[in-house]
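All remarks here apply to the structure that follows.
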Amino acid sequence: MTKVITYGTFDLFHEGHYRLLQRAKELGDYLIVGVTTEAYDKARGKLNIVDSLMTRIENVKKTGFADEILIEEAPGQKFNDIKRLHIDIFTVGSDWRGQFDYLSDYCKVVYLERTKNISSTMLREKNSRIQRIGIIGTGRIAERFIPEAKLVSGVSTQGVYNPHLESAKRFADKWEIDAYADVESFFSAVDIVYVASPHETHYGYIKQAMEHGKHVICEKPMALKKKQAEELFQDAKEHGLILFEGIKTAYCPGFNKLLGIACSGTIGSIRNVEACFTKLENAESRELTDQKYGGSFTELGSYVLLPILKVLGEDFEDIQYDTIRGENGLDVFTKISFRYPNAIATATCGLGVKSEGRLLIAGTKGYIVAEAPWWKTTYFEVHYENPLEVEKYTERFLGDGLRYEISDFLSMINGNSNSEFKLTRSESVIMADMMEQFLEMENRNI
Ligand code: CTP
């Protein structure tokens, strides 16, 4: 019996897929089809897969060509499958020509002619037209956003706005996009807006963008006042627009895996969460000199509040703020203690103080620990009473990680999925409320 194997994503199943499977089956007697998992596709940079794994498997099954279907979840798996399953022929479409020649030491490698003029990418783009992104702001985070957006299919960065034309031009030249200093022409040239301007300008820009009918993704902290956050979400609802706070950790695959385990009961009932994020920032930086909006909490607070709200929820009974100030009076180290009916939590952030940045979640059966940079979770451990019993989890986090939030944002705009649960509106509102309380306590008149 000749055993044949092929692999693919098979998203939005099309004629090209059908013809490939048909010919693959004809190469032998028994056809095995490997279908990729969402996590594997994400890791490979395919971020906008529309169909779920189950749908994609069903579609392959329906063709009747596959004698067996398996799931492909990691690089290097092909090699193992071929040996383990005693495969005679490995086949894929000609778009991969040459790339699997290394397998020819173990089986025959056949590249089948690709069907012309059809691909999942084409169908995805037809289903959802390319969204033109406009960036407001020309700072460091805006710089990081552009290469990340390039990795998400279905979006293209069209232009940048900065009220100072020179700054807009400098940025635009570097990234080969258009520069705008006039807000009206900026809004008319783009479909969606990424707000990456100084914190205090977020509210005004989001409001304006939504008045122009644009979906908005805004850097954290989205708002510095509870009322403003509530109002913005209300506006978004009324206009039928997506408003999305870009706390990248919330969309990062590893962090979501960790939350899944924390909330599954594996470590029992959660009694304590400790989250710490510190950074040694240049003393001249905006973060450490902006007397009104700078400091450790406005800068890093969103990251450390996130796991607490996600794991313990929104019904805390009390919060206490403790802070150490630098020479110019700005907070450089801040600790927020939460009291819940059955748990306590601390969120710690520092901008001029270095501490061990870790996330610790303790429960009645065990604890989860993720070391810095846990906000880009790639690794965490689950520990139990028996110190020898340790479960280790890894997950990929590619590049600067903004691609995950951009991809979720886009899927929501296109109606393909709803990632709202990853950072809910009410969690964003609570964070804005806490920013407000903190700035009030610091006597900053915002
Ligand atoms: N394939 C093909 N002809 C096409 C499209 C795909 O023969 N027009 C083959 C691929 O070469 C691969 C298999 O079908 O062997 C699964 O491909 P997959 O990557 O899932 O499909 P694409 O349409 O190429 O997807 P994408 O556009 O996302 O890359």
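The values are calculated or read from the model by the stated rules, or taken from the named source; none is laboratory data. All values derive from a computational prediction rather than experimental measurement. Heads up, the Cβs are rebuilt from the backbone with ideal geometry, glycines too, and the neighbour counts pull from every protein chain shown.
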Practice task
Inspect the stretch 66-77 for any residue being surrounded by fewer than 19 Cβ atoms within 10 Å (Cβ to Cβ), part of a helix (DSSP H, G or I), at negative phi and within 16 Å of the ligand (Cβ to nearest atom) and give the result as yes or no.
Solution key: yes
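For every residue, the table says whether it meets (1) modelled with pLDDT under 95; (2) within 15 Å of the ligand (Cβ to nearest atom); (3) buried (at least 18 other Cβ atoms within 10 Å of the Cβ).
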position	(1), (2), (3)
Ile5	no, yes, yes
Val33	no, yes, yes
Met54	yes, no, no
Glu58	yes, yes, no
His86	no, no, no
Thr91	no, yes, yes
Val109	no, yes, yes
Problem - Condition check for Gly45: surrounded by fewer than 18 Cβ atoms within 10 Å (Cβ to Cβ), within 15 Å of the ligand (Cβ to nearest atom) and part of a loop (DSSP other than H, G, I, E, B) - result: yes
Exercise for the section: Among the numbered conditions (1) more than 26 Å from the chain's Cα centre (by Cα); (2) buried (at least 19 other Cβ atoms within 10 Å of the Cβ); (3) in a strand (DSSP E or B), tell me where Leu288 comes up short. Expected result: (3)
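Quick grid of which residues meet (1) in contact (Cβ under 8 Å) with a residue 40 or more places away in the chain; (2) at positive phi:
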position: Glu176; (1), (2): no, yes
position: Val183; (1), (2): no, no
position: Val193; (1), (2): yes, no
position: Gln208; (1), (2): no, no
position: Gly213; (1), (2): no, yes
Problem - Residues within the stretch 285-333 that are of a type in the set (A, V, I, L, M) and within 21 Å of Glu219 (Cβ to Cβ), tallied - result: 8
Handout entry: Total residues in the stretch 78-115, condition charged (D, E, K, R), outside any strand (DSSP E or B) and more than 33 Å from the chain's Cα centre (by Cα)
Key = 6
Problem - Test set (1) out of contact with any helix residue (DSSP H, G or I) (no Cβ under 9 Å at 6 or more places or on another chain); (2) without any contact (Cβ under 8 Å) to a residue 24 or more places away in the chain; (3) within 15 Å of the ligand (Cβ to nearest atom); (4) of a type outside the set (Ser, Thr, Tyr) - Glu125 fails condition number - result: (2)
Fill in the blank from the handout: Within the stretch 349-375, the count of residues that are buried (at least 22 other Cβ atoms within 10 Å of the Cβ) and not aliphatic (A, V, I, L, M) comes to 6
Completion exercise
Among the residues of the stretch 293-325, the number that are outside any helix (DSSP H, G or I) and within 20 Å of Tyr340 (Cβ to Cβ) is 10
Exercise for the section: Mind telling me which of the residues Glu299, Glu327 ends up being without any contact (Cβ under 8 Å) to a residue 12 or more places away in the chain, charged (D, E, K, R) and over 30 Å from Gly265 (Cβ atoms)? Expected result: Glu327
Problem - Members of the stretch 9-30 that are within 7 Å of the ligand (Cβ to nearest atom) and of a type in the set (S, T, N, Q) - result: Thr9
Practice task
For the stretch 193-283, please list each of the strands (runs of 3 or more DSSP E) lying entirely inside it that holds at least 2 residues being surrounded by fewer than 24 Cβ atoms within 10 Å (Cβ to Cβ), modelled with pLDDT of 95 or more and touching a Lys or Arg at 6+ places or on another chain (Cβ under 7 Å).
Solution key: 270-278
